[in-house]
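K.L.:
Okay, here's the structure, questions in a sec.
Please treat every number below as a calculation from the coordinates, not as lab data. Note that the structure is predicted; figures quoted are calculated from it, not measured. Backbone-built Cβ (ideal geometry, glycine too); neighbour counts: all protein chains shown.
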Amino acid sequence: MKKHTRIGMLTPSSNTALEPVTQAMLAQLPNVTAHFARFKVTEIALSEAALNQFEDKEILVAAELLAHAKVDVIAWNGTSAAWRGFPSDEQLVRRIEETTGITGCTSVLAFREAFQRTGARRIGLVTPYREDVQKKIMANWAAAGFPCTAERHIGLQDNYSFAEVTEETIAEKVREVVAEGCDAVAIVCTNMHGARVAAALEAELNVPIYDSIALTLWKTLIAAKVPPQGVTGWGSLFSDPRLALQ
């Protein structure tokens, strides 16, 4: 009998996209299940109140609850470190592992790993966020060696509203950044429906499309020692040999 793998995911409270999309991707892996814990996140902005939503204390409480389910890995399935900086997620992973004894990972650190593994250096950035948040992401990623050579943002702040952005709008933004030139497209937000359009856009545009929800699942599979190529039809993220289990 194959080992049953349990993936734990920390989820923003107002997110409605990542759970059903993750479950749809996992339908092909009957021995892998995802389990979710929420903490309060209702807006994405640079105000003190908005930034304080991502303080480690509440996240760690949710992580401890996931540990009760004896999950094999715990992922922060959110993109706050994109504007707060990579070190915030590096610290969070350390604290998750110290608190629970379970391997931790995050969406934003997974972006960095995917870029490093594939050699992507010019990033096309697509988000639902406001301009000031977008600029912070671009500055952080440029400092890390991943300049965003093209970007599109929608200007939203309410986290719940991100899931209402249509797949057609996301596809349009992706086409626009690819037209301006990039090595890969990053759809940064775990409450936006980019995962379902990634494979078709890759075939159309011949550029890798990395959606945050798909990327987080990819990283949790890698961390749990589950070959990601078992997930098919969701883009090159799961089939690229450079991104395979090592």
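K.L.:
Hand me the trypsin sites (Lys or Arg not before Pro) from the stretch 47-102 located in a DSSP loop with no more than 11 other Cβ atoms within 10 Å, in residue order please. Spell out each step's value before the answer.
P.N.:
Numbers: sites: Lys57, Lys70, Arg84, Arg94, Arg95; in loops: Lys70.
Those that pass, being in a loop and sparsely packed, are Lys70.
K.L.:
Would you mind checking which residues have amide H under 5 Å from Phe36's amide H? H placed 1.01 Å from N; only 5 or more apart, or other chain.
P.N.:
Those qualifying (amide H under 5 Å, at least 5 residues apart or on another chain) are Met9.
K.L.:
If you find the alpha carbon centre of the stretch 171-198 and of the stretch 131-170, how far apart are they in angstrom?
P.N.:
Answer, in whole Å: 10.
K.L.:
Could you please report the charge total around Leu125, scoring K, R as +1 and D, E as -1 over all other residues with beta-carbon less than 9 angstrom from its beta-carbon?
P.N.:
Counting the neighbours of Leu125, the net charge comes to 0.
K.L.:
Give the Cα extents of the stretch 21-164 along the principal axes, in whole Å, largest first.
P.N.:
41, 36, 31 Å, listed from the longest principal axis down.
K.L.:
Out of residues 5 or more away from Thr5 or on other chains, whose amide H comes under 5 Å of its own, with H placed 1.01 Å from N in the peptide plane?
P.N.:
Counting only residues 5 or more places away or on other chains, the set is Val32, Thr33.
K.L.:
Okay, next question. Got a sec to turn the phi values of the stretch 196-212 into Karplus ³J(HN,Hα) couplings, 6.51 cos²θ - 1.76 cosθ + 1.60 with θ = phi - 60°, whole Hz, x for Gly and Pro?
P.N.:
6, 9, 4, 4, 5, 5, 4, 5, 6, 9, 6, 9, x, 10, 10, 8, 4
K.L.:
Then there's this: Calculate, in nm to one decimal, what Glu180 and Arg95 gain on full extension: separation in residues at 0.36 nm each, minus their alpha carbon distance. Working shown, then result.
P.N.:
Numbers: separation 85, 0.36 × 85 = 30.60 nm, distance 3.94 nm.
Separation in residues times 0.36 nm, less the Cα-Cα distance, equals 26.7 nm.
K.L.:
While we're here: Just how many pairs of Lys in the chain have C-alpha atoms closer than 15 Å, counting pairs that are eight or more places apart or on different chains?
P.N.:
So the count of such lysine pairs works out to 4.
K.L.:
Which whole-number percent is the relative contact order of the chain (Cα, under 8 Å, 6+ apart)? Before the final figure, lay out the partial values.
P.N.:
Numbers: 492 pairs, mean separation 51.9, N = 246.
Value for the chain: 21 percent.
K.L.:
Normalised radius of gyration for the chain, please: alpha carbon Rg relative to 2.2 N^0.38 Å, two decimal places.
P.N.:
0.92
K.L.:
Once you list every other residue whose beta carbon is under 15 Å from the beta carbon of Val197, what net charge do they have if Lys and Arg are +1 and Asp and Glu are -1?
P.N.:
Cβ neighbours under 15 Å give a net charge of -3.
K.L.:
Still on this structure: Hey, could you pull the Cα Rg and Dmax for the stretch 110-211, both in Å?
P.N.:
12.5, 34
K.L.:
Moving on. At 222 nm, what value in deg cm²/dmol follows for the chain if DSSP H runs of at least 4 each add -39500 (n - 2.57) and the sum is divided by all its residues, to the nearest 500? Write out the running numbers ahead of the final one.
P.N.:
Values: 10 runs with 107 residues, N = 246.
Here the helix-only value at 222 nm equals -13000 deg cm²/dmol.
K.L.:
Output wanted: per-residue J couplings in Hz (rounded whole) for the stretch 23-32, from phi through Karplus 6.51 cos²θ - 1.76 cosθ + 1.60, θ = phi - 60°, x for Gly and Pro.
P.N.:
Listing the rounded values in order: 5, 5, 5, 7, 4, 7, 10, x, 9, 10 Hz.
K.L.:
To continue, here is another question. Quick one: 3J(HN,Hα) in Hz for the stretch 9-18, Karplus 6.51/-1.76/1.60 with θ = phi - 60°, rounded, Gly and Pro as x.
P.N.:
So the J values, rounded to whole Hz, are 10, 8, 10, x, 4, 9, 7, 10, 9, 5.
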